[in-house]
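Notes for the one structure printed next.
The values are calculated or read from the model by the stated rules, or taken from the named source; none is laboratory data. Predicted model, so just to flag it, every value in this text is computed and none were measured. Using ideal geometry, Cβ is built from the backbone for each residue, glycine included, and neighbour counts are taken over all protein chains shown. Surface accessibility is based on the protein's heavy atoms, side chains included, excluding ligands, DNA and RNA. Shrake-Rupley method; radii C 1.70, N 1.55, O 1.52, S 1.80 Å.
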Amino acid sequence: MERGKLFVVGFGPGDFKHITGRAVEVIQESDLVIGYKTYVELIEHFLNEQTVVSTGMTEEVSRAQEAVKQAESGKKVAVISSGDAGVYGMAGLIYEVLIEKGWKEATGVEVEIVPGISAINSCASLLGAPVMHDSCTISLSDHLTPWGLIAKRVEAAAQADFVIALYNPRSGRRTRQIIETQKILLKYRSPETPVGLVKSAYRDRQNVVITNLAEMLNHDIGMLTTVIIGNSSTFLYDNLIITPRGYQRKYTLNDEEQALKPHQRLKKEAEPWSLEQEGNLALDKGSHTEAPVVKQSSLEMARAALAMVNGKERSSGGTPIVQQKIEALFELAVSPGVANKEFTPMQLVTLAEVAGEKGRMEYTPHHKIVLRIPTAEPDTITSQLKAAGFLLSPVGDVLSIKACDFCDGEKTESIPYAEELERILGGSLMPKELNIGFNGCGMSCYRAVMEDIGVVYRRGKFDLFLGAKPVGRTAHPGQLVAEGVEPDQLVSMITKIVEEYKKNAHPNERLFKYFKRVKEIQGYRYRDITPVIEIEPAPCGD
Ligand code: SAH
């Protein structure tokens, strides 16, 4: 007698296009197809002349037993599950029945598990890219699993910031589970956390709802719904749920995000959370595997986390531990003022305090100190720095104003204009770094003419220079485009130039390049007066 064969087949979400080629093949090759009635109907058009045995939903065990019996009698049997047969499907059950009968792979009926697209994937595809990162599936059905364990898993997943796909979220009788789950999740995640509800993905009655953790229960959730809950960095964009590929590496001073540009290689220092950065990684040089050996501190951390999940570290009131907070690098620059160059001893003490042991401080040519501090609480740092009287500015492609110190106050009339520019424009995001040099007298000893925009105060009025090439071997000063600008015109004039540049320049195009390309900014004509310097290009691209 021919040895029978058992196929355990996941047919995906339920439409013709999302079933795999192998699944169709084995269904057609089988003598018998066994599955829940609704599922058999979904794949009916693939069936040939097979005998179809369909049983009710509650009879999963007898279905598995029947399938094994038929295969043992020499038939090719396909047991079908929706999605993937190995995800809350028939695969495990089939093996359990076989094992009970003493089945061995070498001698018993042949078994092939045919993978399918599980609901977490099919539903995610209709929501945008909500899964993307570390995720888990949790079934809220407490028919076969104790509720206490399910609740513990929800808690652990919430705490560990997994994206969560809830299967079997609610049925006619099981209505409380999803309510309890929402309560647990809200202890760790913001009420605005994006949530997707997908009902009958890729089936006739498909319905997709995008909501959030606070509102999710105001929508229809049933037996055919999968609930996908974002992690702490998941966001909504154009009615899609997106979970970024990684966590934010940086906090910046601006609300606007200063994302790393594609061409910027990731720097180690931008990943303060990595194991290596923590100093926890030590290579066991003696071993053959060279497997990283994690020092005890990580083990301790894991134990502490476990203790939290087990509820041992709660405060007496049983209130939750902490909301999810993830450490990222906080990058910002500080200076004592636009014109002021003097740090007080207390300011230096504050810098040391906020930087702590892990923070770094870098002194820049623009008379600022750039701070890079791994933290989960950038706001605490900014308040401390502000209280110490620092001027705070973001780092990166932003507008900075650098003013001379006005000869210890002799030429103080122009200081307010520099401060006004700082107030209006300082720290704004630009296509490329943009520096405004501000000089308090015609001596221009502060080299304002070498900045992207140069302003020189002279006899009660301002001269304006545009388009310096501040760095490189072909560096040159800016062109004098306006002389004797009235003080009350200055701020609006520079604001307009900056706005035009911001709006029209290409990404990464520095002001001098933009000026040369468009030939005119706010009515100021570009004159090609820069000396032609015959020079081999430097390897770094200058
Ligand atoms: N083996 C299946 C899961 C079976 S458990 C799989 O891998 O997808 C049943 C649960 O799966 C349902 O309660 C629902 O949460 C989810 N599910 C299955 N098919 C779905 C579909 N087409 N759309 C939305 N959710 C689905």
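Scanning region 244-259 for residues that are over 12 Å from the mean Cα position of the chain (by Cα) and at pLDDT 70 or above yields Tyr251, Thr252, Leu253. Just checking, how many residues over region 185-197 are open to solvent by 20 Å² or more (accessible area, probe 1.4 Å) and without any contact (Cβ under 8 Å) to a residue 60 or more places away in the chain? Of the residues in that region, 3 qualify. Among the numbered conditions (1) among the small types (Gly, Ala, Ser); (2) at pLDDT below 90; (3) surrounded by 22 or more Cβ atoms within 10 Å (Cβ to Cβ); (4) more than 15 Å from the ligand (Cβ to nearest atom), the only one that Gly35 does not meet is (4). Within region 64-83, the set of residues being without any contact (Cβ under 8 Å) to a residue 40 or more places away in the chain and either within 16 Å of the ligand (Cβ to nearest atom) or in contact with an Asp or Glu (Cβ under 7 Å, 6 or more places away or on another chain) (or both) comprises just one member, Ala64. Tell me, yes or no, whether region 325-341 has at least one residue that is without any contact (Cβ under 8 Å) to a residue 12 or more places away in the chain and either surrounded by fewer than 17 Cβ atoms within 10 Å (Cβ to Cβ) or among the aromatic types (Phe, Trp, Tyr) (or both). Checked against the condition, which is being without any contact (Cβ under 8 Å) to a residue 12 or more places away in the chain and either surrounded by fewer than 17 Cβ atoms within 10 Å (Cβ to Cβ) or among the aromatic types (Phe, Trp, Tyr) (or both), region 325-341 yields no hits at all.
Where strands (runs of 3 or more DSSP E) fall wholly inside region 340-408, the ranges with 3 or more residues that are hydrophobic (A, V, I, L, M, F, W, C) and out of contact with any Lys or Arg (no Cβ under 8 Å at 6 or more places or on another chain) are 399-403.
Could you list all residues from region 100-135 that are touching a helix residue (DSSP H, G or I) at 6+ places or on another chain (Cβ under 8 Å), under 25 Å from Glu25 (Cα atoms), of a type in the set (A, V, I, L, M, F, W, C) and within 16 Å of the ligand (Cβ to nearest atom)? Once the filter is applied, which keeps residues that are touching a helix residue (DSSP H, G or I) at 6+ places or on another chain (Cβ under 8 Å), under 25 Å from Glu25 (Cα atoms), of a type in the set (A, V, I, L, M, F, W, C) and within 16 Å of the ligand (Cβ to nearest atom), region 100-135 yields Ile113, Val114, Ile117. Just need a number here: residues in region 42-55 that are modelled with pLDDT under 65 and either touching a Leu at 6+ places or on another chain (Cβ under 7 Å) or open to solvent by less than 30 Å² (accessible area, probe 1.4 Å) (or both). Counting residues in region 42-55 that are modelled with pLDDT under 65 and either touching a Leu at 6+ places or on another chain (Cβ under 7 Å) or open to solvent by less than 30 Å² (accessible area, probe 1.4 Å) (or both) gives 1.
So that you can scan it fast, the table gives a plain yes or no per residue for (1) open to solvent by 80 Å² or more (accessible area, probe 1.4 Å); (2) more than 21 Å from Phe406 (Cβ to Cβ); (3) in contact with a Lys or Arg (Cβ under 8 Å, 6 or more places away or on another chain); (4) among the acidic types (Asp, Glu):
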{"site": "Leu464", "(1), (2), (3), (4)": "no, no, no, no"}
{"site": "Leu480", "(1), (2), (3), (4)": "no, yes, no, no"}
{"site": "Ile494", "(1), (2), (3), (4)": "no, no, no, no"}
{"site": "Tyr501", "(1), (2), (3), (4)": "no, yes, no, no"}
{"site": "Ala505", "(1), (2), (3), (4)": "no, yes, yes, no"}
{"site": "Tyr514", "(1), (2), (3), (4)": "no, yes, no, no"}
{"site": "Gly523", "(1), (2), (3), (4)": "no, yes, no, no"}
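Residues in region 187-226 that are closer than 15 Å to Thr243 by Cβ and either among the hydrophobic types (A, V, I, L, M, F, W, C) or out of contact with any Gly (no Cβ under 7 Å at 6 or more places or on another chain) (or both): 8 in all.
Exactly one residue out of Ser200, Ser171 is of a type outside the set (Lys, Arg), touching a residue at least 40 places away in the same chain (Cβ under 8 Å), surrounded by fewer than 20 Cβ atoms within 10 Å (Cβ to Cβ) and at positive phi: that is Ser200. What residue, among those in region 100-129 that are under 29 Å from the mean Cα position of the chain (by Cα) and among the β-branched types (Val, Ile, Thr), is most open to solvent (accessible area, probe 1.4 Å)? Checking each candidate, the answer is Ile117. The strands (runs of 3 or more DSSP E) found wholly in region 154-264 and carrying at least 1 residues that are touching a strand residue (DSSP E or B) at 6+ places or on another chain (Cβ under 7 Å) and away from the ligand (no atom under 16 Å from the Cβ) occupy 194-199, 207-212, 235-237, 240-242. When restricted to residues that are of a type in the set (Asp, Glu), within 34 Å of the chain's Cα centre (by Cα) and within 23 Å of Gly427 (Cα to Cα), region 334-366 contains 1. The numbered conditions (1) open to solvent by 40 Å² or more (accessible area, probe 1.4 Å); (2) more than 16 Å from the ligand (Cβ to nearest atom); (3) touching a Gly at 6+ places or on another chain (Cβ under 9 Å) are all true for Gly86 except (2). I need the full set of residues from region 492-526 which are assigned to a helix (DSSP H, G or I) and over 19 Å from Gly426 (Cβ atoms), in order please. Passing the criteria: Asn504, Phe512, Lys513, Tyr514, Phe515, Lys516, Arg517, Val518.
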